[in-house]
1. Being at pLDDT 85 or above, outside any loop (DSSP other than H, G, I, E, B) and closer than 25 Å to L371 by Cβ, is that true of even one residue in the range 184-195?
2. May I ask you to verify whether K206 is touching a strand residue (DSSP E or B) at 6+ places or on another chain (Cβ under 8 Å), farther than 30 Å from L268 by Cβ, among the basic types (K, R) and surrounded by fewer than 20 Cβ atoms within 10 Å (Cβ to Cβ)?
3. Restricting attention to the range 313-323, and to residues there that are surrounded by 12 or more Cβ atoms within 10 Å (Cβ to Cβ) and modelled with pLDDT under 85, which single residue is farthest from Y278 (Cα to Cα)?
4. Taking the conditions exactly as written (in a loop (DSSP other than H, G, I, E, B), among the small types (G, A, S) and modelled with pLDDT of 75 or more), does A100 satisfy them or not?
5. Within the range 211-250, track down each residue that is modelled with pLDDT under 85 and part of a loop (DSSP other than H, G, I, E, B).
6. Can you confirm whether the range 120-140 contains a residue that is within 24 Å of L204 (Cα to Cα), assigned to a loop (DSSP other than H, G, I, E, B) and small (G, A, S)?
7. Of all residues being among the aliphatic types (A, V, I, L, M) and under 18 Å from I228 (Cβ atoms) in the range 166-186, which is surrounded by the fewest Cβ atoms within 10 Å (Cβ to Cβ)? Just the residue, please.
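The values are calculated or read from the model by the stated rules, or taken from the named source; none is laboratory data. Keep in mind that what you see is a predicted model, and the values were worked out from it rather than measured. Neighbour counts are summed over all protein chains in view; Cβ atoms, including those assigned to glycine, are modelled from backbone coordinates with ideal geometry.
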Amino acid sequence: MGKQSKTIRHKRKIGVSKYQNNVLDAEATKAQISKSLSRELKLTIVSIFIVTIVMLSSAFAIFSSVQKSEKYNTLTVGTLKVDFIDTEDGMGNVINLNGAYPESDTIGVDEAPYSFKITNSGSLAASYKIKILDDSDMISEDQCSNKLLDKSKIRVSINKETAFTLGDMQSTGYEIKTGTLNAGESALFEVRMWISETSGNEVLGKHYHGKIVVEGVNTKSNAQSANIIKAYSYNVSTCPTGEEPGCVESMCYIDKAANSCGEGTIILYKVNDTTEKYFYVLHDDGLTMTVQQRENTIDNTTGDIATTNSKTSNNFLQQLESATNNWTNVNSQSYEINSKTYSSVARPITKQESTALGCSENTPNSCPGFLYKDSNGYWVTSSNNDNTSWIISSNGSLTNPTNMAGVRAVIVINK
């Protein structure tokens, strides 16, 4: 009996021991499962985080990266030497906007620029054109011709000047800046580009490969063309006077072909050694241009039916001659008024010229804007026998004067 009890107690010990071992095994298994779940949970969280970061960073990373190319760091265009600055990545003139985000113009003009210097190493003055063109080699290499970003989404600023949209430059061949450098002269440029802040999902997955291209042309050195300081393409909205930030420079006067400078082209011209004035092109005959001063040369001059179309004492024709007699860089010209021939450096515009440019009698806004904007009216003569006096009025039409008017100098200059 006592032995049996001892055996039973022993069995109980064994049972308790097994129970304790089972509990310990269960706890160990539970801990192992908990550890595995924790590890998997952490990996899941990390994976989600990485995917989220990748999605966010690629959402607007629409510009493909490009390979390094040391050959782009220095270019020579005729007598113009172009050195690209800050090219640690070896990109030179290759535009690399990888990872760009849409942003405002205020932020965009402070982005890191593409910096370069143009130096005229020749012995004559040389003009330059700066363009932003598609990099066809990179587009071919990346095989992304069907994924190119619309240029209407790309904003550009040169030397922190007012920004413009690259797509708007299509009519000029994406020409963004022009100018002239004298022999030995240099000029620094900083081009900044960014995605317009108005861009939406339509830019996702798009590519842009571009490059900065500089074209150079030697300027023929002669006393007359050297007096043309600048020329600008006229635009009634963005460049009506030649002094707006949005004006695009033109080198049309280098081309000796007729009509290379269109009607209204704005010319900043040195009429003598100390005086520069703005003019609009009326005719381009190839070697010479007939241009009219932007503002009235004289205000409030007299004229009537008897004197408008003839050169009489103290009328506006003689006043105009007096006001321009020190314009030494201007060609002398012969002109007709009422079939009579006169000679002078300056004359008024004729009714025939203004009609050829679009002006109509008593039809407001019929004249092109460059003929009448900011005008209180100015005298018009006639090359034919005409007993009627005319003015180009402030409303842009040919009308009969009711009081005094101004007069604007029409001159002939060499290209």
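1. no
2. Numbers: touching a strand residue (DSSP E or B) at 6+ places or on another chain (Cβ under 8 Å): yes; farther than 30 Å from L268 by Cβ: yes; among the basic types (K, R): yes; surrounded by fewer than 20 Cβ atoms within 10 Å (Cβ to Cβ): yes.
Spelling it out, K206 is indeed touching a strand residue (DSSP E or B) at 6+ places or on another chain (Cβ under 8 Å), farther than 30 Å from L268 by Cβ, among the basic types (K, R) and surrounded by fewer than 20 Cβ atoms within 10 Å (Cβ to Cβ).
3. N315
4. no
5. Step one: filter the range 211-250 for residues modelled with pLDDT under 85, giving 215-226, 246.
Those that are modelled with pLDDT under 85 and part of a loop (DSSP other than H, G, I, E, B): T219, K220, S221, N222, A223, Q224, G246.
6. Within the range 120-140, the subset within 24 Å of L204 (Cα to Cα) is 132-140.
From what's left, assigned to a loop (DSSP other than H, G, I, E, B): 135.
With small (G, A, S) added as a condition, the list becomes none.
Within the range 120-140, none of the residues are within 24 Å of L204 (Cα to Cα), assigned to a loop (DSSP other than H, G, I, E, B) and small (G, A, S).
7. Step by step, filter the range 166-186, then rank; the result is A183.
Here is a yes/no grid of residues against (1) of a type in the set (S, T, N, Q); (2) surrounded by 13 or more Cβ atoms within 10 Å (Cβ to Cβ); (3) within 19 Å of A163 (Cβ to Cβ):
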{"position": "S199", "(1), (2), (3)": "yes, yes, yes"}
{"position": "I212", "(1), (2), (3)": "no, yes, yes"}
{"position": "K230", "(1), (2), (3)": "no, yes, no"}
{"position": "T241", "(1), (2), (3)": "yes, yes, no"}
{"position": "V271", "(1), (2), (3)": "no, yes, no"}
{"position": "Y280", "(1), (2), (3)": "no, yes, no"}
{"position": "H283", "(1), (2), (3)": "no, yes, no"}
